[in-house]
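Below is one structure; the comments refer to it alone.
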Ligand code: PMP
């Protein structure tokens, strides 16, 4: 709070990340596996001669080329950002006038409304019945509120629900507003809208290296859109938004496709095991949601007690409201410990 800040900024609640003091961090949907020793050697070699006295490449050519190659994209469609957080904020400045309407859904990633609030936009948050998003809800809601832009995460953070590509394509065909599909977790799901970018000039796809690419600490994300839209974002981003260390270190990591496939398989296997274990506890008062991402969302009246028990064991997960817990998929040993604590906790409560 400051008397110098804009009124709307003083009114915004601050985003409060968990302090990183837990042994087992299952709250932020990070990848539990850091780049392995081979990749670390490549990163070290890439950084050895980093020209630290110079500004970095403002167009981040090498990183964009690597990402475009790996994803089969035209480089002119790829805009680099200091994580998706920066790109989400840029979207609001580039495409929304203050007072214009941003449509989001609930539940979804809270930072959409936050950055729109910083910009002074009107935010309409539409509840998803049964936590499900489909083309009809998208189309109807966007028309009802006269949205200039609609944004949602796919798979959804926090529920893990997935909007199939054909549903999105149907909505894109019917809507005239900008449609932003935040695919932070799509590497785990395989239903990407990237192939639709060439067909729809109102689509922006957001991708991050923080999850499947194991690079949350590097801060790197991409907006992918038709060249005219991409050029607008390139114009408004600050020239040196990707520092030289990120640019150099990211290239070998982005190109390590085989390692990434193995990593994704391992996390998906662990997620499917964890999901089955939790489903077996549904009779004890747990509702578990199927997830296409690297986390599982569940609801139970016992959420506060379970959260406290997990924290006592050094495990941090993410609470949502009174009954929701979102648990990131970690290593198998970590997930076994979580299952054990939830089982014991529910038994004690019954
Ligand atoms: N979008 C979604 C849906 C997310 O969950 C996150 C991270 N929690 C982000 C964007 C931000 O990702 P980044 O690390 O690239 O800033």
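In table form, for the structure just shown:
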| read-out | value |
| --- | --- |
| Per-region count, segment 1-37, residues out of contact with any helix residue (DSSP H, G or I) (no Cβ under 8 Å at 6 or more places or on another chain) and farther than 25 Å from residue 111 by Cβ | 3 |
| Odd one out for residue 52 among (1) in a loop (DSSP other than H, G, I, E, B); (2) under 17 Å from the mean Cα position of the chain (by Cα); (3) assigned by TED's automatic domain parsing to the domain that holds residue 224 | (2) |
| Output for segment 306-350, where each listed residue is assigned to a loop (DSSP other than H, G, I, E, B) and within 24 Å of the chain's Cα centre (by Cα) | 317, 321, 322, 323, 329, 330, 331 |
| Pick from segment 135-163, criterion part of a helix (DSSP H, G or I) and touching a helix residue (DSSP H, G or I) at 6+ places or on another chain (Cβ under 7 Å), ranking: nearest to the ligand (Cβ to nearest atom) | 138 |
| The lone exception for residue 97 - which of (1) away from the ligand (no atom under 16 Å from the Cβ); (2) within 30 Å of residue 130 (Cα to Cα) it fails | (2) |
| Residue 123 being surrounded by 21 or more Cβ atoms within 10 Å (Cβ to Cβ) and not in a helix (DSSP H, G or I) | no |
| Pairs where the first residue, in segment 73-88, is free of Cβ contacts under 8 Å to residues at least 24 places away in the same chain and under 19 Å from residue 111 (Cβ atoms) and the second is within 13 Å of the ligand (Cβ to nearest atom) and part of a strand (DSSP E or B), C-beta under 7 Å, 6+ apart | none |
| Subset of segment 60-91 [in a loop (DSSP other than H, G, I, E, B) and either over 24 Å from residue 196 (Cα atoms) or within 16 Å of the ligand (Cβ to nearest atom) (or both)] | 60, 82 |
| Out of 14, 5, sole residue that is more than 15 Å from the ligand (Cβ to nearest atom), over 30 Å from residue 313 (Cα atoms), at pLDDT below 95 and not in a helix (DSSP H, G or I) | 5 |
| Those residues of segment 169-206 which are free of Cβ contacts under 8 Å to residues at least 40 places away in the same chain and within 9 Å of the ligand (Cβ to nearest atom), in sequence order | 183 |
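The rows are residues; the columns are (1) closer than 18 Å to residue 208 by Cβ; (2) surrounded by 17 or more Cβ atoms within 10 Å (Cβ to Cβ).
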| position | (1), (2) |
| --- | --- |
| 66 | yes, yes |
| 70 | yes, no |
| 77 | yes, yes |
| 83 | yes, yes |
| 89 | yes, yes |
| 93 | no, no |
| 98 | no, no |
| 101 | no, yes |
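The values are calculated or read from the model by the stated rules, or taken from the named source; none is laboratory data. Since we're looking at a predicted model, the values are computed, not measured. Virtual Cβ from ideal backbone geometry, glycine too; neighbours counted across all protein chains shown.
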